[in-house]
DNA sequence: TTTT
DNA sequence: TTTT
């Protein structure tokens, strides 16, 4: 009924832009989010959280999102499940993002604003295609 | 670096209170969160999101959380992975809650307040025990 | 750059639907949000937070939002300022909501769903009219 | 009943650390948060949002927070009111922060982590002193 | 495996 | 000015 996630972290790699059979743009990446405390053995730990973006926001992420650059993600948690090749049910948890902010864009200009950074809110109903098991 | 989740939904069953070997209380439940749009076939859909609570909050959830009752959950996303019996790496995504609100408590009194509802914020560093593969 | 607010509380009165000169629907109400701790003197306290909704969401709130009913609000903080009749600058802080959930709708049917509850996300850019000092 | 705010912006000036009569540390600053769209006249606009931090987090902000540096703030909205010298009721809206992240700390080391950055969550109940009209 |  |  309400489902909101906000993350700040760093993509583990550059994103890859794909298209669904019906031509909808989709970009997937994993965000490494440092935990606010150390593990038992004193190491810094992180959660590696899969993020999916659609349509205009997917294109923007393909253009601006870069491995290792600090990034803020807003969206909702989605839990999909499907049957794998061995007939077992597999659960996949992803963030479906509707807002992404590039906090360390290499394309920032001198006053700190991102150039050519379109309005990134994507409030239209989510396409059915997003449930495809990429 | 920042990791915040807010959900409103309904537990799919009553929670069960367990204790770690070191005696720390832990409660797990699944929250069914309706999606804000219908599926291709016109059905309402939901995400089924695992939630874990620890210590005092675990005890409170065991006492107040009930199957089907509207519930708000605040916390962070955690992604664990472990090797299963077949030697395969399995990823588990859960919400580690630090705040739970019982929006339809059956134990509310006539003026709408929850009785015996202690301060529910649990801001202390998370115990190492939480990484046990329950 | 990122501005997100999530509240659960109760409207202090029924909302009133107005229209801007250009015909845009706008609804304003105050949400009473109980604080999670008691005051020095042991009393429950609340924050009284002004909320503004626009367009379709304003119409939906006029239809469903009711005084005293538990309500969830998602949006962003906006700080306006204007000069009052004595020439003094006055600051007004409001939540511009883009999602409102009626958690205790009196119009719920027997299986708990809200009837005629349209998709409430309103992700379009905010109209200039919202800066009018209502 | 639930009250959560997450902001990313830039402090308009260096913070100043003060102490209440009872010796509790408090730091106040204003966060400039760019709006995601331009004004009617095509200008970028921002909301200027007052933020208050207490105790350990106040000390950390005094040490690390700097004017103009990108900063993430988590907390809750508080609406105070008091009578001013002319006997008029004045409303003050502030974010009481319980988590602050310095996204552009000048004290970051080469791998991007903040040095000497203590655990910043401050989950203890808020002190009565915070209601003093600073 | 699932809530209303 | 305030909700339960």
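What follows draws every value from the coordinates through simple rules; no lab data is involved. Please read these numbers as outputs of a predicted model, since none were measured by experiment. Counting neighbours? That spans all protein chains shown, and the Cβs are built from the backbone with ideal geometry, glycine included.
Dividing the C-alpha radius of gyration of region B:17-105 by 2.2 N^0.38 Å, with N its residue count, gives 1.27.
Legend: translational diffusion of region D:1-47 by Stokes-Einstein, Rh = Kirkwood radius over C-alpha pairs, 4 °C, 1.567 mPa s; D = 96 µm²/s. Given R0 = 22 Å, the distance between the Cβ atoms of residue D:56 and residue A:69 translates into a calculated FRET efficiency of 0.15. With a 10 Å cut-off around each Cβ of A:25-36, the average count of Cβ atoms from other chains is 3. Shown for residue D:43: label points 7 Å from Cα along the beta-carbon vector, and their distances to the equivalent points in the other copies, 4.2, 5.2, 5.4 nm in ascending order. Placing a label point 7 Å from Cα along the Cα-to-Cβ axis, residue B:22 is separated from the same position in the other copies by 3.3, 5.0, 6.0 nm, shortest listed first.
For residue B:79, the label point sits 7 Å beyond Cα toward Cβ; its separations from the matching points on the remaining copies run 1.7, 3.6, 3.9 nm, from shortest to longest. Peptide B:38-49 is shielded by partner chain Cβ atoms: per residue, an average of 3 of them sit within 10 Å of its Cβ.
Among residues of chain B, the one whose beta-carbon sits closest to the B-to-A rotation axis is listed with its distance in Å as B:93, 2.
Shape class for region B:35-78: prolate, because the ratio a/c of the largest to smallest gyration tensor axis (alpha-carbon atoms, square roots of eigenvalues) is 1.5 or more and a/b beats b/c. Please list, in order, the residues from region B:78-104 whose amide nitrogen is less than 15 Å from a point placed 7 Å along the Cα→Cβ vector of residue B:16. In region B:78-104, the label zone of residue B:16 (backbone N under 15 Å from the point 7 Å along Cα→Cβ) covers no residue. Convex hull volume per residue, computed on the Cα atoms of region D:52-96, equals 111 Å³.
For the residues of B:4-12, the average number of beta carbons from a partner chain within 10 Å of their own beta carbon is 6.
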